[in-house]
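This report refers to the structure that appears directly beneath it.
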Ligand code: 26A
């Protein structure tokens, strides 16, 4: 079977914008995605590296960093270094796009659609091919003036440090959603990468309003600790539309600090979830309070999920814990994309109408499969849940 990774020639950046045939995936008439995702399409440039390399660029071993000004940031050099390195692997990335491919792994071809903005170059061509192979319908906006976004995935042991140059992904416009609004209207559920809060909160709100008006699940992932920390007002503007929130323990902690939650132990996941539900209840278009669920993954510890009750008179909530699927450390290739794969399984469960418990378990199951592959990838053969 074909490897999910690709190698480009060393002069990749000079050769960008040449010989491109990138065209958004054409949808067959019969295909109608049940799940629609929105995010930043990125190509991951992944390499095994060491503590010394991370120290040189002042990076933590497990973090996600956004380069805000690519003309000034010295960390742009990382890409030059990786491109020179013939051990670098070029793998489809972009957190929500990974989740889309993973959900299609379960739901099947044409059942998942994805919005994001790419450039016209070899990187986007590769991403299109990967989505096509995975059965994801790419509804790309194409930006002719910027290159496709890229993410350096620096692997040390099982950890991954991500450094992102958004490029074209930073130029997604809410109007692009209109071009595929028929797809949006037919979708059953939505998944939003919190990373997109750095790009177009307007686009997220536009989908959020539609989901609210039509009573469809609208799931938001916090994506990284820097989102609640530095994109607080953007997060506040979209949280009311979320029927479900997915985050890991460090993003939960970052939220607790950023929003100065009134809880004694800022690492108590159940308490953080309960506070989020109080601050941002879900209301339907009639203003009636409806169920909302916060799901916190916790590494190899059980996932914690807290659901608010739909009664507006009381502020009660119910909480469950779901264990992870254990895996011997020796079988882990890398954890890049583990959280995205969890979200894939969870979203597939939501679309299939599974219980909360089973949707979370599907997420744990798919995360276990993904960490045994290089990058945010899935087995080449279908494995049944
Ligand atoms: C805005 N930023 C920083 C990002 C990302 C991102 N996806 C969207 N926006 N930074 C890293 N990623 C992706 O996260 C995946 C692992 O969860 C990487 O491309 C990687 O595939």
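The values are calculated or read from the model by the stated rules, or taken from the named source; none is laboratory data. For clarity, every value in this text was computed on a predicted model and none was experimentally measured. FYI the Cβ positions are ideal-geometry reconstructions off the backbone, even for glycines, and counts take in every protein chain you see.
What to note about this one:
- Residue match in the range 347-365 (condition: modelled with pLDDT under 95 and either buried (at least 19 other Cβ atoms within 10 Å of the Cβ) or within 16 Å of the ligand (Cβ to nearest atom) (or both)): no
- Enumeration of residues in the range 38-60 that are over 30 Å from residue 207 (Cβ atoms) and touching a helix residue (DSSP H, G or I) at 6+ places or on another chain (Cβ under 6 Å): 47, 57
- Qualifying residues in the range 135-156 (those that are closer than 23 Å to residue 226 by Cα and surrounded by fewer than 24 Cβ atoms within 10 Å (Cβ to Cβ)) - the one farthest from the ligand (Cβ to nearest atom): 156
- For the range 201-233, the set of residues classified as farther than 16 Å from residue 164 by Cβ, out of contact with any strand residue (DSSP E or B) (no Cβ under 7 Å at 6 or more places or on another chain) and either without any contact (Cβ under 8 Å) to a residue 12 or more places away in the chain or not in a helix (DSSP H, G or I) (or both) consists of 214, 215, 233, listed by residue number.
- The range 117-127, residues that are away from the ligand (no atom under 12 Å from the Cβ) and assigned to a strand (DSSP E or B): 118, 119
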